[in-house]
Amino acid sequence: MLPSPAARIASWWRRLLGLPPAAGDPANLDDTAIERPWRRRWDHLPKRTAGAGFSRADYAEARRRAREVARATLGEALWDELQDQGYLDVPSRLRPGLTYRLRVGRRIEVLCAPGVRSPWRYPYLCINPTYPLPEEEFFAQLYLYARDREDVILKVAAEQPWDQLLGRTF
């Protein structure tokens, strides 16, 4: 969130007069403590990695936290269902008879009820994260999009003729 014009002017005066920044002043924040991965380009990374600086311990910690995020996002009942089946089916709210089958680390499978025609030629939809994420964390995001923002899926998903692992997850 951007500071108000009055806060920016006060901050400017403090710097001009050589005074220390006030608490909460943007000039007082340590920018290195905040990750902003969407500001970088990730095309140079090999698929299914988080980059050269990521150690085995970093991957293990990221996956552990991702599991916590996914479990908290889905809730216990859906988490148990995912663990038992290996997938979650999310019925479309915009297209009756269409269901999105979500699997961790895989493309979205489009299932149609008998007599329902798919809006896509191919049975799989590919959506990759903008930056590398653990598979379970991205799964939780896809679940929320399929459940609450299906319009975004319809807009950004690339239809695919076969199933495959996602590219920017690990």
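Miscellaneous remarks
- Take the Cα of Asp151, go 7 Å toward its beta carbon, and the backbone nitrogen atoms of region 95-127 under 14 Å from that spot belong to 95.
- Approximate spin-label separation Cys112-Ile34, in nm, with each point projected 7 Å along Cα-to-Cβ: 4.6
- Residues Thr169, Thr99 in ascending order of nearby Cβ atoms (within 10 Å, fewest first): Thr99, Thr169.
- Sequentially through region 67-77, phi angles give Karplus couplings (6.51, -1.76, 1.60; θ = phi - 60°) of 4, 4, 4, 5, 5, 5, 5, 7, x, 5, 5 Hz, Gly and Pro residues having no value and appearing as x.
- Summing charges over all other residues whose Cβ lies under 10 Å from the Cβ of Gly167, with Lys and Arg as +1 and Asp and Glu as -1, gives +3.
- Divide the volume of the convex hull around the Cα atoms of the chain by the residue count and you get 179 Å³ per residue.
- Taking all pairs of distinct alpha-carbon atoms in region 96-170, Kirkwood radius in angstrom: 12.6
- Dipole magnitude of the chain, debye to nearest 20 (Cβ charges: Lys/Arg +1, Asp/Glu -1, about Cα centre): 580
- Extension gain for Ser4 to Leu144 (0.36 nm times residue separation, less C-alpha to C-alpha distance): 47.1 nm.
- Extension gain (nm, one decimal) between Tyr122 and Glu76, 0.36 nm per residue minus Cα-Cα: 13.3 nm
FYI, it's all coordinate maths here, none of it is from the lab. These numbers were taken from a predicted model, which means no experiment stands behind them. Cβ: placed from backbone, ideal geometry, glycine included. Neighbour counts: every protein chain shown.
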